[in-house]
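This report concerns only the one structure given below.
Only the coordinates and a few stated rules stand behind these numbers; no lab work does. If you're wondering where the values come from, they're calculated on a predicted model, not measured in any experiment. Glycine gets a Cβ as well: all are built from the backbone with ideal geometry, and neighbour counts include every protein chain shown.
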């Protein structure tokens, strides 16, 4: 009887230890993902236009304490939407210029343009300009 | 016979004790450490949320008033900055952007220095502090010598990611002269003072109209700067009084400013002898 208790107890102990280890690792990783999302801060500081090359110049400032990656830029102008997948890393406290050619949109005078940036963690930043 | 029964009962007891010991072992080596670990991870998350909340709150407390003015006969711009907020700010960049967003000059720590521009960037401004970044020279391609296109918006950005536009936007350049987007005249008052903390009162009285205005400042460190709208051209008496609580009010002087046009702004400089 005692031997059986020992064997079953040791098995349960071993299972509990490994399960606890897996649970704690998974939980830590999930919480750290949430923490990084909470820490993420960036802003579109300003936007410029180059009519000649139909190019947008977007200055992004990462004012948060952690690095981030921009993975989507969506530009809306009139009834057209230009969506581009990108992979642009921006370090903490870095100020970066992105140039973008929204192929579906002609950046002409009188057009109001909305720019949406999305980071790999799902945080978004917006800017609107009117091309005069 | 009695002994045999006792031994059997004693053996049954051993398995129970072993079971309890194993349960206690699992409790102390697995469940309690897991509970403590999860709690500490949760605490870290909560601390991060609180810290970022404080950072966001501080960001919302920033308030900088920006007055940008062009310097005639040059491509230079002066930017006067007043920290009206209750928190220190770090000015990191100054933007000069044409209205059509085609031409943009960015002034940063790389092209602004104390030697050339009176202050370095980033520039820290404590609450109530004022500073003027001088002689920000636009690159030649910014000016097209076309009055319709040489119209600029000026903005500043802070280390916390805020953007503040100039109250004098837009600035326009035409044949060597600069104008502002202001619709009425303003008076620019500067009090040169030492680095102590002072309070000032500025009284403006219009001689040719019934305009009166009193502006009080509190806890100014060093020079004090303010601009006051007067809405009409005319003559204005400007009196500055030092009202620091430790001593009785001291009048620093009175000047008459004759305002004949909206721009350039009429300016009076007072000296605080203490």
Share of Cα-Cα pairs in segment A:41-130 lying beyond 23 Å, as whole percent:
19
If I take every Cα pair under 8 Å that is 6 or more residues apart in chain B, average their sequence separation and divide by the length, what percent do I get for the relative contact order?
15
Using only Cα atoms, tell me the angle between helix A:2-39 and the longest principal axis of chain A; keep it within 0 to 90° and round to the nearest 10.
10
If you take the beta carbon distance between residue B:254 and residue B:61 as r and set R0 to 35 Å, what does 1/(1 + (r/R0)^6) give as a FRET efficiency, to the nearest 0.05?
0.45
Go ahead and run the numbers for FRET between residue B:73 and residue B:134, Cβ-Cβ distance against an R0 of 22 Å, rounding to 0.05.
0.90
Residues A:126, B:211, sorted so that the one with the fewest Cβ neighbours within 10 Å comes first:
A:126, B:211
On a 0 to 90 degree scale, rounded to 10, what angle separates helix B:32-61 from the longest Cα axis of chain B?
10
What's the exposure ranking of A:1, B:52, going from fewest to most Cβ atoms within 10 Å?
A:1, B:52
May I ask for the angle, rounded to the nearest 10°, between helix B:2-26 and the longest principal axis of chain B, with both axes built from Cα atoms and the value confined to 0 to 90°?
10
Can you list the residues of segment B:72-96 with backbone N under 13 Å from a point 7 Å past the Cα of residue B:109, pointing along Cα to Cβ?
B:90-93
For chain B, built as a Gaussian network whose Cα springs stay under 10 Å, the top-fluctuating residue of B:251, B:84, B:62
B:251
Can you give the helix-only mean residue ellipticity at 222 nm for chain B, where every DSSP H stretch with n ≥ 4 adds -39500 (n - 2.57) and the sum goes over all residues, rounded to the nearest 500 deg cm²/dmol?
-7500 deg cm²/dmol
With a/c under 1.5 counting as rounded, go ahead and sort segment B:139-185 into rounded, prolate or oblate using the C-alpha gyration tensor (a ≥ b ≥ c being the square roots of the eigenvalues; past the cut-off, prolate if a/b is larger than b/c, else oblate).
oblate
For chain B, what are the per-bin percents of Cα-Cα distances with bins 10 Å wide, up to the bin holding the maximum?
6, 21, 24, 17, 7, 5, 4, 4, 4, 4, 3, 1, 0
Computed label-point distance, nm, for sites residue A:50 and residue B:262 using a 7 Å Cα→Cβ extension:
3.5
Starting with the fewest neighbours, write out A:7, A:49 ranked by other beta-carbon atoms found within 10 Å of each beta-carbon.
A:7, A:49
Add -39500 (n - 2.57) for each DSSP H run of 4 or more in chain A, then divide by its residues: what number comes out at 222 nm, to the nearest 500 deg cm²/dmol?
-10500 deg cm²/dmol
Roughly speaking, what is the centre-to-centre gap between segment B:111-151 and segment B:37-74 when only Cα atoms are used, to the nearest Å?
24
Top of B:176, B:13, B:253 by mean-square fluctuation, Gaussian network on chain B, Cα under 10 Å:
B:13
Using alpha-carbon positions, the gyration tensor of the protein assembly as shown gives root eigenvalues a ≥ b ≥ c; with a/c under 1.5 called rounded, otherwise prolate if a/b exceeds b/c, else oblate, the class is oblate
Contact order relative to length of segment A:68-132, as percent, for alpha carbon pairs under 8 angstrom and 6 or more apart:
37
Let me make sure I get this right: for segment B:64-179, a, b and c are the square roots of the gyration tensor eigenvalues over alpha carbons, sorted descending. Under 1.5 in a/c it's rounded, otherwise prolate if a/b > b/c, else oblate. Which is it?
prolate
